[in-house]
Structure formats: structure tokens, C-alpha cells
Amino acid sequence: MICGNQTKVRDIVTSNPAATRVLEDAGVDYCCGGGKSLHDACAHAGISADEILRRLSEASQQAGPEEREWMSAPLGEITRHIREKHHAFVRQAIPRIRTMLGKVITKHGEKHEETVAIEMLFTAMARELLMHMQKEEQILFPYIETLERAAAAKEACEPPFFQTVRNPVSAMMKEHDAAGDLTKRIRDASNGYTAPADACATFEALYRELREFEMDLHQHVHLENNLLFPRAVELESATLQGAAQ
């Protein structure tokens, strides 16, 4: 795919998996803000779109094993990947980060009040994400997988209680926006995950963990917002049209 300043960010990352690394490093939003043009997304991040295009060109031939192309993968494979990689990561990281936050606040909280604010933000985000993932695993993902099997067998799919996949997709995307806002507030409170000069090893490790958490969330949301959800909506529409004929 030939990319330019007006190419939508989501189209860049879906056609070139290596782009997520480039955009992440540059602070360009490619998940919740994937509908923006590269020019607008770069302007918001304070970086030249031409510079990003140069970096993308260099990275296009260097995709690693984790940067596979998901655009044509079966939807069931994508939902399984999200559960096994991203949902599992979140569930493992939350208690680890909470423990580290408790230790850092005990030692540094009085002098560094931002750590208390970060704990409140992270607690809110963790609570929302755990409920969010449960809804995906118990309701949305099973329907998408059933829909795909029915389409492959050219069979009708029983209408879900939520009427159309567009309804839970819309709700999940709003929750993605909320989680993205909380991670941005954590990043701002931590000065871009930059530990203060008097930080202990645990303090420094905490900020590394928070940075990794945000990066994983970006990849997670990108897979859903820009790939899984649009394809599920399209598949449901095509299945309904086929059944009506």
C-alpha cells in the first residue's frame, strides 16, 4: 500500500504491521485515533508526517514475528489471539503493577504525590478493563465466532439478544476511548514514565511496567477497533443480506 499524508492511520497499520512500532515510538495514536489522517495524527503528536513516512519506509521490510498481518486472518483466530495474548497480559500485569504501586507509595508517596494519583487512575482503569474483557469473552467474541462459522457453512445465524453486533461494538469502542484517556492521564502524571532522580529500583521498574501496559493496550485496541470490529460488522451485514435473498 502506498501511504501519504492523507492516508488514515488505521489503514497504514492494517496494511503494514511494522507501522505499530514506528507510531508507538513517535507517540502517534493508531488505535482509538485510527480514523485520523496521518497528517492530523502527526500534528497532534508534534512530529512531521514526512518523518513518519520515512521511518515507515525503513521499517516496512523489517516486520518481526509478532507483527503478523491480521487483515485476512479468520476472525476466530483474531479473537483467540486477543484472549491469549492481550487479555492474558492484562490479567497478569494488573496485580503485579498494583503491588509495585503499593511499595512505591509507601516509600515515595509523601514526596511524590503523583504516585498516589497514578494509583487511583490505574485502579479505575484495571477495574474497567477487567469488566470489559469479561463482556468480550462471554458475549461479543462468541457471537463473532458463531457468525463466522455460520457464514462459512452458508447457514443462518440465530439473532443475538443485543440485536446486532453493532451495539456491543459501539459500547466496546467507547470503553476503549475511556481506557485510552486513563492511560494518557497516567503517562502525563508520570512525566512520560520518567522516574525522578531519587527513584529506587522498584520505582523505575514500575514506570517501565506502566509503559509496557500502555503499549500492549494500544496494540490490543488497534486489533479490535481497526480490524476485528469492522470485519465483524461487515460479515454480519453480508450474512443477513444472504439470508434475505
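The values are calculated or read from the model by the stated rules, or taken from the named source; none is laboratory data. Quick caveat, the model's predicted, so the values are computed rather than measured. Heads up, the Cβs are rebuilt from the backbone with ideal geometry, glycines too, and the neighbour counts pull from every protein chain shown.
Of all residues in the range 154-175, exactly one satisfies the criterion of being in contact with a His (Cβ under 8 Å, 6 or more places away or on another chain) and either modelled with pLDDT under 95 or closer than 30 Å to His112 by Cα (or both), namely Glu175. For the range 94-109, the set of residues classified as of a type in the set (S, T, N, Q) and over 18 Å from Ala126 (Cα atoms) consists of Thr106 only. Residues that are in contact with a Ser or Thr (Cβ under 6 Å, 6 or more places away or on another chain) and over 20 Å from Glu214 (Cα atoms) were ranked within the range 11-57; the one that is surrounded by the most Cβ atoms within 10 Å (Cβ to Cβ) is Leu38. Only helices (runs of 4 or more DSSP H) whose full extent lies in the range 137-229 are considered here, and the ones with at least 3 residues that are of a type in the set (Lys, Arg) are 166-189.
Would you mind finding the one in Arg127, Arg187, Arg91, Arg98 that is assigned by TED's automatic domain parsing to the domain that holds Leu223, surrounded by 15 or more Cβ atoms within 10 Å (Cβ to Cβ) and farther than 30 Å from Ala238 by Cα?
On the way: Arg127 fails: surrounded by 15 or more Cβ atoms within 10 Å (Cβ to Cβ); Arg91 fails: surrounded by 15 or more Cβ atoms within 10 Å (Cβ to Cβ); Arg98 fails: surrounded by 15 or more Cβ atoms within 10 Å (Cβ to Cβ).
The unique qualifying residue is Arg187.
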